[in-house]
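See below for the structure under consideration.
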Amino acid sequence: MKRELRLMKGNEAVAEAAIRAGCDGYFGYPITPQSEVMEYITAEKPEERTGMVVLQAESEVASINMLYGGAGAGKKVMTSSSSPGISLMQEGISYIAGAELPCLIVNVVRGGPGLGTIQPSQADYFQSTKGGGHGDYKLITLAPASVQEMADHATLGFKLAFKYRNPVMIQSDGAIGQMMEKVELDEQEERLTDDQIKEQYPWATLGKTPDRERNIITSLELDPAKQEQINLKLQKKYREIEKNEVLSEEIECDDAEYLLVAFGTSSRICQKVVKMARDEGIKLGLLRPITLYPFPVKEVARLAGQVKGILSVEMNAGQMVEDIRLAVNGKIPVEYFGRFGGIIPSSTEVLEALKQKIIGG
Amino acid sequence: MAEQLTKEDIRKEANIVYKKTEVLTDNVLHYCPGCGHGTIHRIIAEVIEEMDIQSETIGIAPVGCSVLAYNYFDLDMHEAAHGRAPAVATGIKRLLPNKYVFTYQGDGDLAAIGTAETIHACNRGENITIIFVNNGIYGMTGGQMAPTTLEGMKSSTTPYGRNIKQMGNPLKMTELVAQLPGTYFVTRQAVHTPAYVRKAKKAIKKAIQYQEREKGLSFVEVVSNCNSGWKMTPVQANKWMEENMFPFYPLGDIKVPEDK
Ligand SMILES: Cc1ncc(C[n+]2csc(CCOP(=O)(O)OP(=O)(O)O)c2C)c(N)n1
C-alpha cells in the first residue's frame, strides 16, 4: 500500500491514522497531554473530509457513553484522554466490554495518583491490563513506542476491536504523545455505509427491519446461570485473544545473558542501555511488549530459559514486573527498576540498576 | 329467539376496535400492578406504530425500574448505564442522523446521577426525544429519596419526610431544561386517567415527530405514581399524586415550538 510521509506529533498521528482508518465518530474531553488529538481532528474538518462526526462532550463520562451508543450502532468510534479522564470512563468501558462492542480508547498516560502531574508515566498499566472498571473483563492494550506506532496502532486497534467485538486501549504516554517524528501513513479507507454495517455487523442497532429480530445492546442479565454463561463466553474470547494477538519485539536477544523488559517510552531508553551494556561486554537484550494485554507470556518464559536474570524497567512503581514474574514462575531472578511522578529514567541509572540488582545480585 | 353470540362471532376482524400494538412484544411486564410505566410504554409503542417508524427507531433504556424496557419494545434497543442515556442517545443520533432516537428515563436516572448528560444533551439541542418518568422516588432500589421527592414526603432514606434543610429541594428538571435554547418542545403530562393518557400520547407523538424538523430536543415529563414505593394502593397513589405531585409539578406544555 502507498504510504504518505509526514512529520507529526504522536497525538496528531493517532488522530490522522484514525481518520484514515475510516473512523465514524470521535467523542472527547480536553486534558493534557492529549488535547491535540481532538484539536487535530476538528482542524481537519472531518465532516467534509470523510463525513466523520466529532463532538466535544461535557465530560469523559459522557464521551465514553457516546462511544457506547455509537459502537452499538456498529460504527467505528474512538475517544482519547489522559489518566484522570480514563478513570472517569471506567464504568462506561466496563459496559462496553460487557455488551461486547468495539471501540478505540487512547490513553496518553500522565503521572498520578489524583491530579498528579502532566508529565509522562506508565502508572496506568494495571488499570489498562487488569480490567480497570468493575467485573471480569479485559481490554486489548497496545503500547506504542514511537509516533509511527501511534498511527499504526489506530489502524490495528480498530481491526482488533471489530474482530473480537471488544474495546481496545492504546496506552501511550505524554512523551510519545508530544514528541515529533516522521511517520508513514496509510491511504484513506472508505467509511462503511449503513447497508455495509447491517451486512457485516448484524448485531448493530440500525433500526429493527422486518427481516430480523430486534437487536438489543445490553450488559444486563439477572439470571445467574445465564450471567455465568456470558462470563464464560467472554473468558473464552480472552483466551482466543491471548492465543492469537500477542505482539512483541526482541532486540539483541539471540545471545543475551541478561534481559530488560520495557514498553513505550521506557523501552526507548532501554535500547540505549542495551548498546551501552554491550560496549562494556555485557550481553544484554531487550524484550519490548507491544501488546500489554495479551502479555507476551511465552516470549518471557522462553527467554527466562536462556538468560540469568530479568530487569523490568517501568515509569511506575513496578506493575508489569508482576506479569513478568508470573511468566518466569520463579526460574530466574526478576527485579524492577523505575522512576515515577513524571520522570523518565536515564540510561545510566538503568544500567547501574541492572548491574546492582541483576548482574551483581 | 335470536341466536346466542359466541366468542368467535364477537372476535371478528370487523368488530375489533382496539388491539395491542405490534411494537410491543408479548413479554409479560414486570412492573407492579397500578404502575404507570406499562401505560407509558404502550403509548410510545402506539405512536411508533402509527408513525410507521419501527424500522427507523432506536430506544435507550435507563437504569431504574424500566431497565428492562428493551424486553417490551419490539425495537432495536440500547441499555445505558445509570444516568447516561442522553449521552448514549447522542452517540447514536450523531452517527445515525436519519433515525428516530428516544430515551426513557426515571427521575433518579435523569435528574440526579445523569443531570450533566441531561442538561448538556438538551443544551446542545440533540435532535432526540427524552421521555422522563417522574414518580418522585427511586422505585427500583426500594423507595429511596429521589431528586424529585416532595418536601415532607416519606421515602426509605427520608423516613420522617424530606427535610429541605438536610436533603435539599426537590428539582423541577423540566422547567430547568425549558430554559435552554436547545430544547424545542417541553411538556409535562400524566397517564392516570384515559383522558390524560390520550393527551400524553399526543404530546409524545409530537415530541417524536419533531425530530423530523431538526430543531432541537423534545422533552416529555410524565408525572407518574409508585404505589409500592409510596406504600399505597394504586387508587390511593393516583389520588395522592393528584393532590400532592400535580400542584408542585403542574401539568401542561412548558415550551412549545414558535413555528408551530
Ligand atoms: C452507578 C450506579 N449507581 C447506582 C445504581 C443503583 N440504582 C439502580 S436504579 C436506581 C434508582 C432509579 O430510580 P429512578 O431513576 O427514579 O427510576 P425508577 O426506578 O423510580 O423507575 C439506582 C440508584 C446503579 N445501577 N448504578
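Loop-resident chymotrypsin sites (Phe, Trp or Tyr not before Pro) (DSSP state other than H, G, I, E or B) in the stretch B:109-212 with no more than 14 further Cβ atoms inside 10 Å of their Cβ: B:Tyr160.
For the stretch A:116-191, GluC sites (Glu not before Pro) are listed when DSSP marks them as loop and at most 11 other Cβ atoms sit within 10 Å of their Cβ; the list is A:Glu187, A:Glu190.
Can you figure out the FRET efficiency of A:Glu47 with B:Leu5, using R₀ = 60 Å and their beta-carbon distance, to the nearest 0.05?
0.40
So, in Å, what gap is there between the alpha-carbon centers of the stretch B:88-108 and the stretch A:245-316? The stretch B:88-108 and the stretch A:245-316 have Cα centres spaced 48 Å from each other. Within the stretch B:190-260, the GluC sites (Glu not before Pro) that combine a DSSP coil assignment with at most 15 other C-beta atoms in a 10 angstrom radius are B:Glu214, B:Glu258.
Using a cut-off of under 13 Å, list every residue of the stretch A:62-87 whose amide N is near the label point 7 Å from the Cα of A:Gln196 along the Cα-to-beta-carbon line. Taking a point 7 Å out along Cα→Cβ of A:Gln196, the residues of the stretch A:62-87 whose backbone N falls under 13 Å are A:75-76.
Sorted from fewest to most neighbouring beta carbons within 10 Å, what does the list A:Glu280, A:Glu252 look like? Don't skip to the answer; put the middle values down first.
On the way: A:Glu280 9, A:Glu252 17.
The most exposed by this proxy come first: A:Glu280, A:Glu252.
Between A:Glu250 and B:Phe248, the modelled label-to-label distance comes to 7.0 nm, taking each label 7 Å out from Cα in the direction of the beta carbon.
Between A:Lys159 and A:Ser346, what FRET efficiency comes out of the Förster formula 1/(1 + (r/R0)^6) with R0 = 41 Å and r the beta carbon distance, rounded to 0.05? Let's see the in-between values first.
On the way: r = 36 Å, r/R0 = 0.88.
According to the calculation, E is roughly 0.70.
Over chain A, calculate the relative contact order: mean separation of alpha carbon pairs under 8 Å at least 6 apart, over the residue count, as a percent. Relative contact order, chain A: 18 percent. Helical runs assigned H by DSSP (4 residues or longer) give the protein assembly as shown a calculated mean residue ellipticity at 222 nm of -10500 deg cm²/dmol, each run adding -39500 (n - 2.57) before division by the residue total. Against chain A, whose longest principal axis is taken from its Cα atoms, helix A:224-244 shows a tilt of about 50°. Computed packing ranks the peptides A:292-300, A:222-230 as A:292-300, A:222-230, most packed first, by mean other Cβ atoms within 10 Å. Shielding by partners for peptide B:72-85, expressed as the average number of C-beta atoms from other protein chains within 10 Å of each residue's C-beta, is 6.
Taken over the stretch A:4-194, the alpha-carbon convex hull comes to 94 cubic angstrom per residue. For chain B, the square roots a ≥ b ≥ c of the C-alpha gyration tensor eigenvalues yield an a/c of 1.5 or more together with a/b not exceeding b/c, which makes the shape oblate. Computed extension gain for A:Arg239 through A:Lys226, at 0.36 nm per residue and net of the alpha carbon distance, reaches 2.7 nm.
For the stretch B:2-36 versus the stretch A:134-213, the spacing of their alpha-carbon centroids is 48 Å. In whole percents, the pair-distance distribution calculated for the stretch A:249-359 from its alpha-carbon pairs, binned every 5 Å from zero, is 2, 14, 27, 28, 20, 8, 1. Rounded to the nearest 5, the antiparallel percentage of DSSP beta bridges internal to the stretch B:33-255 is 20%.
Averaged over the residues of peptide A:201-214, the number of Cβ atoms from other protein chains lying within 10 Å of each residue's Cβ is 5. Expressed to the nearest 5 percent, the antiparallel share of DSSP beta bridges inside the protein assembly as shown is 25 percent. Of interest is the spacing of the C-alpha centroids, which for the stretch A:8-66 and the stretch B:147-186 amounts to 36 Å.
How long are the semi-axes of the equivalent ellipsoid of the protein assembly as shown, taking √(5λ) for every eigenvalue λ of the Cα gyration tensor, in whole Å from largest down?
Working: eigenvalues 558, 123, 106 Å².
For the protein assembly as shown, the semi-axes come out at 53, 25, 23 Å.
Peptide A:141-147 shows a mean partner chain C-beta count of 0 within 10 Å per residue C-beta. If R0 is taken as 41 Å, the Cβ-Cβ distance between B:Asn98 and A:Leu115 corresponds to a FRET efficiency of 0.45.
Each label point was placed 7 Å from the Cα along the Cα-to-Cβ direction; for A:Glu4 and A:Lys272 their separation is 3.3 nm. Residue exposure proxy: A:Arg49, B:Arg94, ordered by other Cβ atoms within 10 angstrom of their Cβ from fewest to most, comes out as A:Arg49, B:Arg94.
Sorting A:Arg165, B:Arg124, A:Arg302 by the number of Cβ atoms found within 10 Å of their own Cβ, with the fewest placed first, yields A:Arg302, A:Arg165, B:Arg124. Dipole magnitude for the stretch A:4-194: computed about the Cα centre from +1 point charges on Lys and Arg Cβ and -1 point charges on Asp and Glu Cβ, it is near 400 debye.
Rule-based calculations on the coordinates, nothing more; no lab input. Source: prediction; values computed, not measured. Here Cβ is always computed from backbone atoms with ideal geometry, including for glycine, and neighbour counts include all displayed protein chains.
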